[in-house]
């Protein structure tokens, strides 16, 4: 049986989260800013950046992302 594909919005959020956590620029967003995927990517980017600023370590971030 084939496994289901992940939701595209969730993947965009996770990629944005990782980019934000790595302290990279939000200009690296691969989506159009006005699109739904672009908004999800930016939401993930902001949350990743916030977690980095608050001092979360990589393990805590992995647990947070896997729970989503």
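The values are calculated or read from the model by the stated rules, or taken from the named source; none is laboratory data. Quantities reported herein were computed from a predicted structural model and do not represent experimental measurements. Virtual Cβ from ideal backbone geometry, glycine too; neighbours counted across all protein chains shown.
Checking the stated criteria, residue 4 turns out not to satisfy the condition of being surrounded by fewer than 15 Cβ atoms within 10 Å (Cβ to Cβ), modelled with pLDDT under 90 and assigned to a helix (DSSP H, G or I). Which of the residues belonging to region 27-52 are at pLDDT 90 or above, in a helix (DSSP H, G or I) and surrounded by fewer than 20 Cβ atoms within 10 Å (Cβ to Cβ)? Those that are at pLDDT 90 or above, in a helix (DSSP H, G or I) and surrounded by fewer than 20 Cβ atoms within 10 Å (Cβ to Cβ): 27, 28, 36, 37, 38, 39, 42, 43, 46, 47, 49, 50.
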